[in-house]
Amino acid sequence: MADRAEIWQCPQCGASLNIADLGFYAQVVCPGCEHSEYVHTMLANFRVEGVVGVGGMSVVLRARDLVLNRCVAIKVLNDTYRNQADRISRFENECAMMAKVRHDNVVSVYSAGRARKQFYIAMELVEGRDLETLVNKEGVLSPQQAIEYTIQIVQGLDAAHKAGLLHRDMKPGNVIITPEGKAKVLDFGLALGKQDEDTEEIIWATPYYVPPETLERKEEDCRTDIYALGMTLRYLLTGAEQFKEAAASVSDLLQCKFKLSPMASIMPGADESLCDLVDHMTAYDVIKRPANYRDLLAELHAVHAALLSNTEEQTPHHRRRVRTRLMTEVGVTTILGVSAAVGGSMIATPEPEREFYTVSENPYSWYDVESLALAEQDLERRDYASAYARYKSLISNSTEPALAVWAAVTAAILCEHPAVAEENENAFDELSRQFSRHVERLRIASPAAKSLSNQLQYIAANGEAPEIAEADVPRPYLRSFHYLRCARRLFKESKVDEANAYIQMARRDYPTANVPYRYFGELIDALVKRWAPVQQATPNHVIADNLMQGARVAMIAHDVTAAGEKLNELIGLQGIDSKLVDEARVLKEVCEVSAAAFEMLQRHCSNEYHKGDNASDVRKVLRTLNKGKLHDEVYCLCCLLSGNYQEAFRANPYTADAREPFAVMMQDWQRRLNISAHR
């Protein structure tokens with residue numbers, strides 16, 4: 001029962017009814033004359049006009065803001081949960097996190113508050129149809145249309161992720177398509193911050209779309225949403241949830257997901273790159289999915305381009321397949337030329353030996369192809385010890401020198417990893433010598449290989465000369481190995497700064513490589529750890545001060561990505577001042593929130609805005625966009641980034657409305673910074 005009665009009197013017969021326990025926009029029926037009407041249609045300055053949708057935990061209402069005279073969507077907990085403290089707390093948390101996200105492909109939060117002892121969120125009301133309804137009414141989408149919508153969804157999820165948010169219930173019903181064709185992600189009701197722990201006993205996410213790691217209660221990250229989005233893409237292309245009726249329990253559901261049919265088997269004749277993309281996104285193992293949204297967007301754009309041009313040749317998926325088929329489908333002379341190209345760039349080659357390889361016209365042996373495929377599978381699983389053993393075996397046993405060259409390169413990069421049981425500290429040098437020996441034999445056997453080898457000898461002699469960009473040489477993986485060998489030599493000569501410069505070149509060149517090795521950075525770290533001279537350890541408090549100083553310089557320049565990386569490194573240090581760590585955590589959140597604002601400035605105001613503009617100049621530029629109080633909000637963020645905390649909190653545009661999401665966020669930061677103790 002309610003604390004006090006709230007009597008509704010029927011306008012037809014005068015009968016009375018206590019409606020205190022009813023929620024917003026509840027329909028009452030007169031017990032006397034059966035007259036019905038909706039009650040509780042006002043909350044704060046909003047007049048409720050209808051129901052937009054009903055979910056498992058919440059209700060979304062259509063309402064009109066009587067102050068601003070605009071239609072909004074009001075989200076409230078449903079009657080089952082609106083009085084449960086834990087649900088209310090999660091609901092408020094959803095609002096606070098959503099307030100950090102500002103992106104064209106995410107439904108915006110306008111404000112929040114309490115009415116009738118219940119928390120509500122006022123959001124952008126998006127006209128249109130959700131993807132589930134669209135497919136049900138009009139049938140499956142064309143591959144091109146499905147990819148275009150998916151690109152927009154990824155951009156929205158990426159913005160949420162940068163604000164610290166995982167969606168955790170991505171499905172067709174949670175994406176609205178506007179009449180203009182814009183996709184907007186909504187319903188972050190199950191969202192968690194990236195550092196939050198899921199304490200729910202019930203899994204609320206929709207079974208067909210929920211990732212295996214959620215069912216198994218394992219750690220979640222952006223790849224969790226990528227899986228659900230991949231299942232969403234399957235639905236858009238097929239119009240069906242293939243195992244919806246087969247999974248009666250969690251174990252059954254996990255088994256269905258483990259045995260998920262390849263996309264090509266349920267869409268015969270579909271574009272191969274599209275099928276590979278969907279399979280990549282919905283891989284059962286987390287590590288086999290795209291590592292982040294940046295990588296996923298690159299794959300989506302590549303597949304979209306392939307669909308438009310009706311060719312797959314530039315897609316990452318095509319390159320992954322070609323990598324293992326290359327040996328049997330491409331003429332050996334071409335392969336020899338590419339592999340040998342890097343040879344002359346590394347070290348002086350030894351005198352040619354008496355027995356020379358000959359260039360075979362036959363494809364690689366079955367042993368070579370099978371061994372290479374197994375080695376690459378080991379790399380995908382990050383089983384470096386097994387991969388290393390296979391590549392070393394290929395160096396000795398392969399009948400083809402080009403494959404021996406490739407195997408020597410990869411084994412050398414793997415040899416210093418802690419997972420590899422290689423005690424010989426000169427293993428890298430020994431493998432490099434084996435590499436050079438095979439290269440020299442190729443050089444003599446193949447005129448094409450000799451020509452390319454000479455080109456890379458020029459590169460080795462001229463460092464990073466401008467001519468390198470125009471040189472007809474293999475750019476990614478083999479060049480990276482060249483840079484690693486240069487770094488190895490410089491480390492031995494104690495030229496640490498120069499060596500590190502070459503290490504950075506290796507990191508820079510590798511990401512475009514035509515191979516499926518996703519953990520190259522980890523392997524380079526292992527190499528550097530073994531190669532770099534031992535130096536006196538710097539105290540953590542000195543490292544922390546240097547990191548904070550570097551972060552402040554980056555924040556003033558509006559390079560929030562670089563600042564966030566330094567702050568994250570600072571937060572991970574042990575034994576430093578807790579106040580400095582607290583400040584770093586706040587500033588990291590400020591960087592994440594600011595990223596979208598600076599991206600928007602560069603997109604819409606590139607002529608007026610320049611990175612590093614002071615807070616006042618940024619506010620002037622944003623005023624021209626006429627986006628409510630956004631200019632004041634970003635002004636506060638810029639003040640925080642520049643270290644002017646007092647001005648940031650003084651200028652908060654919502655001091656009169658402490659429940660507005662931006663105000664909630666600013667209050668949280670002010671409390672955690674303990675601003676009175678700071679400058």
In the range 552-672 the accessible area split gives carbon plus sulfur, as whole percent at 1.4 Å, a share of 45
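Suppose R0 equals 51 Å; then what is the FRET efficiency for Arg114 and Glu138 from their Cβ-Cβ distance, rounded to the nearest 0.05?
Working: r = 41 Å, r/R0 = 0.80.
Computed FRET efficiency for Arg114 and Glu138: 0.80.
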With all protein chains modelled, accessible area of Lys171 [1.4 Å, Å²]:
50
Length gained if Val581 through Arg489 is fully extended, taking 0.36 nm per residue and subtracting the Cα-Cα distance, is 29.3 nm
Ranked highest first by average number of other Cβ atoms within 10 Å, how do 98-107, 8-17, 121-130 line up?
98-107, 121-130, 8-17
At Glu272 and Leu297, where each label point lies 7 Å from the Cα along Cα→Cβ, what is the point-to-point distance in nanometres?
2.9
Distance in nm between pseudo-label sites at Gln9 and Gln504 (7 Å out along the Cβ direction from Cα)
8.0
Efficiency by 1/(1 + (r/R0)^6): what FRET value for Lys627 and Asn18, r their Cβ-Cβ distance, R0 = 56 Å, to the nearest 0.05?
0.80
Could you give the nm distance between label points at Asp221 and Arg47, where each point is 7 Å from its Cα heading toward the beta carbon?
5.1
Cleavage-rule hits (trypsin sites (Lys or Arg not before Pro)) in the range 552-614: DSSP loop, at most 14 neighbouring Cβ within 10 angstrom
Lys611
Cα centroid separation, the range 613-639 to the range 164-186 (Å):
28
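What is the magnitude of the charge dipole of the range 1-127 about its Cα centre, with +1 placed on the Cβ of each Lys and Arg, -1 on the Cβ of each Asp and Glu, and no other charges, expressed in debye to the nearest 20?
The dipole magnitude comes to about 360 debye.
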Taking K and R as +1 and D and E as -1, what net charge do the other residues with C-beta under 10 Å from the C-beta of His558 add up to?
-1
For the pair Ala385 and Asn546, what calculated FRET efficiency results from E = 1/(1 + (r/R0)^6), where r is the Cβ-Cβ distance and R0 = 56 Å, to the nearest 0.05?
0.95
Cα centroid separation, the range 541-572 to the range 209-226 (Å)
31
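The values are calculated or read from the model by the stated rules, or taken from the named source; none is laboratory data. All figures in this text were calculated on a predicted structure; none of them were measured in a lab. We place every Cβ from the backbone using ideal geometry, glycine too, and count neighbours over all the protein chains shown. Side chains are part of the model used for accessible areas, which takes the heavy atoms of the whole protein and leaves out ligands, DNA and RNA. Shrake-Rupley method; radii C 1.70, N 1.55, O 1.52, S 1.80 Å.
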